[in-house]
Amino acid sequence: MAAAVYHPRRLPPDGRIAVIGGGPAGSFFAVFALHFARQLGLRLTVTIFEPRDFSRTGPWGCNMCAGLIPVRVLRELAETGIHVPPYVIRERISHYTLHTAAGQIRLPQPDPDGDVVSVYRGGGPRCGPAWPHPISFDGFLLNTARSWGAEIIPQRVISVSLSPRPVVETPEKRFPADLVVLAAGVNRRAIDFTDLRYQPPPRQQMAQTEICLGTEGVQRALGESVHIFLPRDGSLRFGTLVPKGPCINVSLLGDQLPQGTIARFLRLPDVAAFLPPDVPRACGCRPRIAVGPARPLFADRFVAVGDAGITRLYKNGIGTALRTARQAAYTAIFDGINAGDFAAGYGPLCREIAWDNRAGRFLFAFTHIFQHYGWLTLPHLRSIAGEQALPPAERFHSRLLWGMFTGTHPYRKLLAMACRPGLHLRLLRHLLEPEAGAAEVASGKTG
């Protein structure tokens, strides 16, 4: 009988988990928690609170991001038994094209394990084409969690209390739980934590729109390449054009993005060269992205995962949602649900991500050079052009940039790659030989 007594430090055999948010992090946590619970013979009830209908078009059904996912993340999902159907994938990205103050260069995929695909997080652009199948990546994951046994409640959580036992409250009802998992991202209404001083992650502004040209029109404009622009505009860190089947996603990241920023970006000569004049926009939003950790990341019977907790800086947030949700679920099922258990089982991963993001900040600081100093940027572009004849494993500069823009490698690995003496010797040679590789850079060709 003692085994059946409720213990606040561990989930009881018939425990209840309340997951706030049904995006990737919430769905991943539900799937892994149910998977691990079955291994121990626990009959958990996992409830996901998600007010959005991901089948809807426009911002109302979307979690608002550029929607680029490394293929290695899809492989990790497949190993868990989650197979993303082909009709959810909008485009397989084969190239990145970098536009800088010194010119542009086309970067082919240099890493056999670095493929990237584009998806829609919701039902597609508000004024976009009709789709023959449901295309929402988040909707697919949420339905997968339901098929694994999670209960989905389409209501918004307005408050959470953790003592003496967790209770999640919606406008219609109160739900008791043994563990509360916060996976609501950073673009939802604030939740009132009555006995927890939760501080959301620091955030940065984005601006996005969608342009629909038809599949042939997108192929003519971009092909299978993501275009990255580093304009001299000081308010912009970078802007991207991402092919997604019949549409193009336009995403801008900056410190301050006033109204009209997207229109000014689309009028830039380098950008306008890829698009028809006066092209109509099919959708738009101004989301925020997390650029640091929340506080606290965990407490007794509480844990935050994905963007609501900690995520990778700028790139591959879905991959980080998978890692944090899986580790938090493993800790909750096998170790316990108090703050000490999460500190021992989940905290090391959070610290690893935080340290990796420090390396990422250092690397992205150099985009300022690419934006404003053409004489320093040109040797980099010539180095990329010159190394395309080398085996992929020796294309250090190409692999570095590809990893930064796609999130396929940890920032610490990329920083180590950036410190290779061979890379700096090439840069020095191209700086001292100004004509080397000039033709390739000017034409944007790398082989």
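For the pair region 357-400 / region 152-179, the C-alpha centres are spaced 48 Å from each other.
Between GLN199 and LEU431, residue separation times 0.36 nm minus the direct Cα-Cα distance comes to 78.9 nm.
Summarising the label geometry, the points placed 7 Å from Cα in the beta-carbon direction at ASP278 and ALA263 lie 1.4 nm from one another. Counted residue by residue at 0.36 nm each, then reduced by the alpha carbon distance between them, the extension gain from MET417 to ARG220 reaches 67.5 nm. In a DSSP loop and with at most 13 other Cβ atoms within 10 Å, the trypsin sites (Lys or Arg not before Pro) in region 20-52 are ARG43.
Under a model in which nothing but the beta-carbon of Lys, Arg (+1) and Asp, Glu (-1) is charged, the chain shows a dipole of about 480 debye around its Cα centre. When the chain is treated as a Gaussian network with alpha carbon springs shorter than 10 Å, the biggest mean-square fluctuation among GLY149, GLY239, GLY407 belongs to GLY149.
The residue among PHE193, LEU213, THR170 whose Cα reaches farthest toward the positive pole of the charge dipole of region 157-216, with charges on the beta-carbon of Lys, Arg, Asp and Glu, is PHE193. Listing LEU40, LEU313 from fewest to most neighbouring C-beta atoms within 10 Å gives LEU40, LEU313. Of the residues ILE384, LEU257, GLY103, the one whose Cα sits farthest towards the positive end of the charge dipole of the chain is LEU257 (charges of +1 on Lys and Arg Cβ, -1 on Asp and Glu Cβ, taken about the Cα centre). Note on CYS285 and ALA393: the extension gain reaches 35.0 nm, defined as 0.36 nm multiplied by sequence separation minus the Cα-Cα distance.
Loop-located trypsin sites (Lys or Arg not before Pro) in region 151-185 (DSSP state other than H, G, I, E, B) with a sparse environment of at most 15 neighbouring Cβ atoms within 10 Å: LYS173. Partners of LYS244 within straight-line reach, counting aspartates and glutamates whose Cα lies under 15 Å from its Cα and excluding those fewer than 8 residues away in the same chain: GLU91, GLU210, GLU216, GLU224. Our helix-only sum for the chain, with -39,500 (n - 2.57) per DSSP H run of n ≥ 4 divided by its residues, gives a mean residue ellipticity at 222 nm of -10000 deg cm²/dmol. Note on CYS65, CYS419, CYS247: ascending count of other Cβ atoms within 10 Å places them as CYS419, CYS65, CYS247, the fewest first.
Fewest neighbouring Cβ atoms within 10 Å first, the residues ILE17, ILE228 line up as ILE228, ILE17. Starting from the Kirkwood Rh over alpha-carbon pairs, what translational D in µm² s⁻¹ does region 368-443 have by Stokes-Einstein at 4 °C and 1.567 mPa s? Calculated translational D: 101 µm²/s. Could you tell me how far the Cα centroid of region 193-231 sits from the Cα centroid of region 44-107, in Å? Computed from Cα coordinates, the inter-centre distance equals 11 Å. Most fluctuating residue of THR215, THR331, THR320 in a GNM of the chain with Cα springs under 10 Å: which is it? Looking only at THR215, THR331, THR320, the largest GNM fluctuation is found for THR215. Across the chain, the longest run free of exposed loop sites, meaning GluC sites (Glu not before Pro) lying outside DSSP classes H, G, I, E and B with no more than 10 other Cβ atoms within 10 Å, spans 173-434. Along the chain, the longest continuous region that contains none of the chymotrypsin sites (Phe, Trp or Tyr not before Pro) in a DSSP loop with at most 13 other C-beta atoms within 10 Å is 7-372.
Read-outs: derived from the displayed coordinates by stated rules, not from any lab. Only a predicted model underlies this, so the values are computations on that prediction, with no experimental measurement involved. Every residue, glycine among them, receives a Cβ derived from its backbone with ideal geometry; neighbour counts consider all protein chains shown.
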